[in-house]
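Notes follow the structure.
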Amino acid sequence: MRAAAYILLALAKPAAAAWDDWECPGFPCFITNYFEYHPYQRLSQTCGLVMAMDPCNNLIKGKPLPTYYANGTLAGIHNVKRPHPCKVAYYGGCVQTTCLQGSVHACQADCAKLQMLPLYNASCYDLCATHCP
């Protein structure tokens, strides 16, 4: 019986893999920046922290996040399909409720896979160092 439990545990997908379908694969508390002007190949290279409470609460509740230009036209929609495992941090920002990636090393490997622009890359590695054992 114990061996079967270990096998099931070994075959289980890591929690971060459950977020591979999100616009910021593996990082459910990040969103892409529709306003980025630096060249990029994939929008996921602009994944970064959500610093405001209302958008974070939308992620937590599973509500889509429309983003608008200053003139009121729609820039894009962060297509939230289900509640995200995020919380509003006391010091500001939207953070994971736990280390979904499993470890600092695994989290940093997930950051590297996204090949984010340097500005965004730093916040990803900071998240790993702060929220993963």
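We did not get these values from a lab; they are worked out from the coordinates using the rules stated. Please read all numbers here as calculations on a predicted model, not as lab measurements. Note that each Cβ is placed from the backbone with ideal geometry, even for glycine, and that neighbours are counted across all protein chains shown.
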Of the numbered conditions (1) of a type in the set (S, T, N, Q); (2) buried (at least 18 other Cβ atoms within 10 Å of the Cβ); (3) within 25 Å of Pro133 (Cα to Cα), Gln108 satisfies every one except a single condition; which is it?
-> (2)
Which one is surrounded by the most Cβ atoms within 10 Å (Cβ to Cβ) among residues in segment 96-105 that are out of contact with any His (no Cβ under 8 Å at 6 or more places or on another chain) and not small (Gly, Ala, Ser)?
-> Gln101
Please specify each residue of segment 77-106 satisfying the condition of being under 19 Å from Glu23 (Cβ atoms) and in contact with a Ser or Thr (Cβ under 6 Å, 6 or more places away or on another chain).
-> Pro85
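Evaluate segment 70-82: report whether one residue or more is over 13 Å from Pro28 (Cβ atoms), of a type in the set (Gly, Ala, Ser), surrounded by 11 or more Cβ atoms within 10 Å (Cβ to Cβ) and out of contact with any Asp or Glu (no Cβ under 9 Å at 6 or more places or on another chain).
There is at least one residue in segment 70-82 that is over 13 Å from Pro28 (Cβ atoms), of a type in the set (Gly, Ala, Ser), surrounded by 11 or more Cβ atoms within 10 Å (Cβ to Cβ) and out of contact with any Asp or Glu (no Cβ under 9 Å at 6 or more places or on another chain).
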All positions within segment 30-68 that are among the aliphatic types (A, V, I, L, M), over 25 Å from Pro118 (Cα atoms) and over 15 Å from the mean Cα position of the chain (by Cα) = none
